[in-house]
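What follows draws every value from the coordinates through simple rules; no lab data is involved. Just so you know, these numbers come straight off a predicted model, no measurement behind them. Reconstructed Cβ throughout: ideal geometry from the backbone, glycine too, with neighbour counts over all protein chains shown.
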C-alpha cells in the first residue's frame, strides 16, 4: 500500500509541474523560469558532529557520528507545497576503533536516505498531508505516552530527540478545523516495527530477554509481519481543542503493536529422544489505544496529564515452559505533572508516571504497577545563548534511574556547541539499569544553514 501512496505523490507532482509548465509562455527566457523556481524553493539543514565516549573509559568511544540533514520546501501554489527531508550520516568510530560488532557496523556506519517526503494542501476548513511523515500526539517530557503513531528506533536507546528517533511512515493525514477544535484523521497503509539496537552494539537491549535453559533446544523463527494491504492498515482519530481555560485532546488508534509477541511453544522430549524443544515464533498483533491529554494554566503553574489505555496487549508469563507463554491484558499508562516558571526563564517540570495492568495475576513476568518519577529543569543565560538542561527519571520498581544533563551554547545564529552526559543505574534487568555500565559524556557541534 505504501507504493500506492508514493505513486499518488509522484502522479500529483507530475500533474502539478505539467500544469505549471503549460502556464508558462514558452517564449519566456530560461532565466525567468529559473528565477521563478528559486523564489518558491527553500533549502535548509545542518552539518553536525556527535562524539560520545564511555564516562569510565574515556578512550573507548561510542560514536564519532557526522550528519548532513537537508530539507527542501517548494511552494507549488499558495495552498499546495512539497516537502522532502534527506538524512545522511557517517560514523567514523567503525574506522577508528574495533569495539562493536560487524552487525553494528553494517547497521550504523553510514546511511543515505529520504526520511520524509510529502505534499501539503490547505483548503478553507481542511488541510491534507500525503506521504512519508511523522505525527506527534504526545506532550510528555522524556517518555512517549500517547505519542504512539510512529514506531521508535532504539539504536541509541531513548537518548536521541524523538524528532530523530521516530520512524516516519507513509500515510494520509487530514485535519478539519471547527472553531477552537481540530479533528485529525489518519490512514496508515505502511507498517514498520520498532527497531532495536543490533546485537553487539552499545545500546543492545538485554533486560527483556527471557532466560532459556541450556538443557533445551531453541528454534528461533523470523518475526511474522502483517502484509501490506488495506485490511491491515492502521487508523487514527484525534480531537483537540480549548474549552474554558483547558487544553484537551482525545484520541483513538487501531494499530499494530510495534513490538512482536514472542510466542513460545514447549515441546517435551518424549516421544522423541533428546532434550525438550522451545519454538520461538514472534508475531505482531492488533491493539486498540485510547488517549486523553489535558493542560490547565494556573498563575505560574501549568497542570497537565496524559493517559493511554491499551486493549488486548500480550504480556509474558514467568514460566518459559508454559505452552501458553503469553496472556492478553488491558493496561493504563499515564503521566500527571506540573510545569512551573520562576524568574521568567527558569522552567521546572515534575511528573509522576505509572503503568497499571488490569485484572493482574501473579503468573505475569511484569509488575502490576510500574512507577516512575521525573524532574526536568531548564534555564538560560547571556541573552538566551547559554542553556543548561537536566532531566532525571527514577523508577523504584528496579531502583533504577537515568540522569541526562547538557549545556547548549549558541556561538552564533548558525553555530551551536553542546556538552552533555547520560548516567544510568539500577538492577541489570531494568529498563535503565541494563545500561548501568554505559554512562557517557558527549560533545556536539552543529552548523545550521
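A compact table of results
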{"quantity": "Scattering profile of segment 101-235 at q = 0.10, 0.11, 0.15, 0.22 Å⁻¹ [log10 I(q)/I(0), Debye over alpha-carbon scatterers]", "calculated": "-0.47, -0.56, -0.94, -1.46"}
{"quantity": "Exposure proxy order (Cβ contacts within 10 Å, fewest to most) of 298, 407, 64", "calculated": "298, 407, 64"}
{"quantity": "Segment 347-449 - percent relative contact order, Cα under 8 Å, separation 6 or more", "calculated": "18 percent"}
{"quantity": "Helix-only mean residue ellipticity at 222 nm for the chain, each DSSP H run of n ≥ 4 adding -39500 (n - 2.57), per residue, nearest 500", "calculated": "-3000 deg cm²/dmol"}
{"quantity": "Separation of alpha-carbon centers, segment 58-122 and segment 125-160, rounded to whole Å", "calculated": "17 Å"}
{"quantity": "Cα gyration tensor category, rounded, prolate or oblate, for segment 309-407 with a/c compared to 1.5", "calculated": "prolate"}
{"quantity": "For segment 69-174: rounded, prolate or oblate by the Cα gyration tensor [a/c cutoff 1.5]", "calculated": "oblate"}
{"quantity": "Percentage relative contact order, the chain, counting C-alpha pairs under 8 Å, at least six apart", "calculated": "11 percent"}
{"quantity": "Alpha carbon centroid spacing (whole Å) that separates segment 379-449 from segment 295-317", "calculated": "24 Å"}
{"quantity": "Packing-based ranking, highest mean first, of 105-112, 288-295, 408-415, 139-146 given that Cβ atoms within 10 Å are counted", "calculated": "139-146, 288-295, 105-112, 408-415"}
{"quantity": "Cα gyration tensor of segment 38-123 - equivalent ellipsoid semi-axes, whole Å, descending", "calculated": "38, 12, 10"}
{"quantity": "Protection-proxy order for peptides 165-172, 71-78, 348-355, each taking the mean of Cβ atoms within 10 Å per residue, highest first", "calculated": "165-172, 348-355, 71-78"}
{"quantity": "At q = 0.15, 0.16, 0.17 Å⁻¹, base-10 log of I(q)/I(0) for segment 222-316 (Debye sum, equal scatterers on each alpha carbon)", "calculated": "-0.78, -0.82, -0.87"}
{"quantity": "Relative contact order of segment 214-271, pairs being alpha-carbon contacts under 8 Å that are 6 or more residues apart, as %", "calculated": "25 percent"}
{"quantity": "Cα-based shape type of segment 372-449, given that a ≥ b ≥ c are square roots of the gyration tensor eigenvalues and the cut on a/c is 1.5", "calculated": "prolate"}
